[in-house]
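The values are calculated or read from the model by the stated rules, or taken from the named source; none is laboratory data. Computed from a predicted model, the values in this text were never measured in an experiment. Don't worry about glycine lacking a Cβ; one is built from the backbone with ideal geometry, like all the others, and counts go over all protein chains shown.
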Amino acid sequence: MKFMGLFVRLSVFCTCFAILSCTGAGTIKDQGTVDGFIKQMVAKHQFNEKALADLFNNVELNEGIIKKISKPSEGLPWYKYRKIFLKEPRIKAGVQFWREHAETLAVVEKDTGVPAAIIVAIIGVETQYGQHTGSYRVIDALSTLAFAYPPRSEFFRSELEHFLLLCREEHIDPLKPEGSYAGAMGMPQFMPSSYRNYAIDFNKDNYRDIWQNPDDVIASIANYFAKHGWQSGQPVIVQIRDGSRKSAQSLPYLKEDLRLITSNSINPNISTPLLSTKKAKIIAFEQENGEELWAASDNFYVITRYNKSPLYALAVYQLILAISNQRVPSSYEQNHNHTTNPGTQQLFE
């Protein structure tokens, strides 16, 4: 079965490589496919046909993008994946980001119920607080995957459609924005559809700037989580067994029906355990000497709406813990008697 899986992946990669080779791995030459997309944009959204044709004459397909998307980090075992995101520079940058933007984080948390810690950790995992937002032209990345990556061409054509629409709506030159190899943009790495649906103009300057404006970024991530069903005051995930071979011990409390009771060790002012009203899903994560078992709630699933990998969601959760353990309340929080909402504080352990 492993051999067949490898054979399928190699076949897909060879097919994609062949498509790129046919186009010269440069300017798009599969004009029939592109023409069909252009006609769709003209008929559906009233784009100018000649302007789109001129635009795509300046688009380049990139073989490196196909290689990257064929080997994502989420294919690593947990113990290797975790090391990418739980490094001290990222943790310290998260503490600093929280301190610098404490007021906006506090206001947004109060308005949406989405914890500041979640927002800070997402930005940390995605771009290390804007340090790594991607160097590919978004239109090149989306076009490569839309026209030269058959396994997900439908999804990326939809995102390319959204990208052209957002450029028109926000008065952006489509050839200018840069992002990840998958076309994700800005500090929060929003795909174009997420930008159009969830990005927020927090400072009311008539521009939803997820590239340079941390306030817009914070509000946009909070809106994304709120719209995807974040449940304030509910747990995220609880470890029930560590990864050592000798361990069979349940670490926190776990009822037989898999309903979670979490401790409140982060917030000593709360002594009553929190009982989840819904059953948890047990997920195994590979360590070097065994498997960790975790019981995940609906809020863990909400994090996977940002990135579908459970590895990603657990990395976000553990970065939350690492940052929270190092930070102290900012002067704004102290002066306004603000601490993280107790109902959400207890989520994280």
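Residues in segment 118-151 that are among the small types (Gly, Ala, Ser), touching a Lys or Arg at 6+ places or on another chain (Cβ under 9 Å) and in the same structural domain as Glu88 (by TED's automatic domain parsing): Gly124 alone. Note on segment 164-218: residues that are of a type outside the set (A, V, I, L, M, F, W, C) and out of contact with any Asp or Glu (no Cβ under 7 Å at 6 or more places or on another chain) total 25.
The number of residues in segment 87-101 that are crowded, with 21+ Cβ neighbours inside 10 Å and not in a helix (DSSP H, G or I) comes to 1. Residue count for segment 179-231, restricted to those that are without any contact (Cβ under 8 Å) to a residue 60 or more places away in the chain, surrounded by fewer than 19 Cβ atoms within 10 Å (Cβ to Cβ) and touching a Lys or Arg at 6+ places or on another chain (Cβ under 6 Å): 1.
Within segment 112-148, if we keep just the residues that are crowded, with 23+ Cβ neighbours inside 10 Å and of a type outside the set (A, V, I, L, M), the residue that is nearest to the chain's Cα centre (by Cα) turns out to be Glu126. Going by the conditions given, is Thr104 in a helix (DSSP H, G or I), of a type in the set (S, T, N, Q) and either in the same structural domain as Ala53 (by TED's automatic domain parsing) or under 14 Å from the mean Cα position of the chain (by Cα) (or both)? So Thr104 fails the test.
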